[in-house]
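Values in this text are rule-based calculations from the coordinates and carry no lab data. On a predicted model such as this, the values are computed, not experimentally measured, just so you know. Positions of Cβ are backbone-derived with ideal geometry, glycine not excepted, and every protein chain shown enters the neighbour counts.
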Ligand code: ADP
């Protein structure tokens, strides 16, 4: 695909953003993480001694950053939906599978619980609705798909002209882990 398009890949940690991004990258599509963008533009805050992370001033980053290169760019990260992008892909994952993925990653019990609960209550959708995000949105369940299959699904959606994905109607039909058998 050679359209001028900026795409955010967002989702709870462990849903597969990095894995999907690697596939985009292998197809010669430019990929950058929110953290790298923040670093590049100087919106990375002080080091948090408790967990070694650095806070990102996402709202200032969002004000400053725009996609003005030609071609496609993918911005990945769990805050990427706050950026001024043309389309947003939200990755979801069954909380039980997610818990497993995060435990394997060596996250603390508290961090595993916080992230699993965020996914369980569809926290990301609440955020999109709260901030009235305008870009078209598409949700993909990664629970039982490999990253290639997730990529294929994403590409089919992105190939639409124009890209479909109204926030309200998609939020209404989004996965609700609390309602489904998990
Ligand atoms: P994120 O970037 O959202 O934190 P990662 O891409 O790092 O997530 O994936 C977290 C873990 O889940 C990794 O161990 C990865 O191998 C696994 N994983 C990612 N995507 C899938 C998928 N579609 N199917 C199965 N496992 C996956």
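Summary of values
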{"quantity": "Cβ-based exposure ranking for 78, 59, 67, in which fewest neighbours within 10 Å come first", "calculated": "59, 67, 78"}
{"quantity": "Ranked by how many other beta carbons lie within 10 Å on average, peptides 17-30, 36-49 from highest", "calculated": "17-30, 36-49"}
{"quantity": "Residue-averaged 222 nm ellipticity for the chain, from DSSP H runs of 4+ at -39500 (n - 2.57), nearest 500", "calculated": "-11500 deg cm²/dmol"}
{"quantity": "Over the range 1-76: Rg over Rh, Cα atoms, Kirkwood Rh", "calculated": "1.00"}
{"quantity": "Hypothetical label at residue 28: residues of the range 50-80 whose amide nitrogen lies under 19 Å (7 Å Cα-Cβ projection)", "calculated": "69-74"}
{"quantity": "Cα-derived Rg to Rh of the chain, Kirkwood definition", "calculated": "0.94"}
{"quantity": "Pair residue 141, residue 178: separation of 7 Å Cα→Cβ label points (nm)", "calculated": "1.8"}
{"quantity": "Largest-first principal axis extents of the Cα set of the range 95-182 (Å)", "calculated": "43, 31, 23"}
{"quantity": "By average C-beta atoms within 10 angstrom, highest first, the peptides 106-117, 147-158, 83-94", "calculated": "83-94, 147-158, 106-117"}
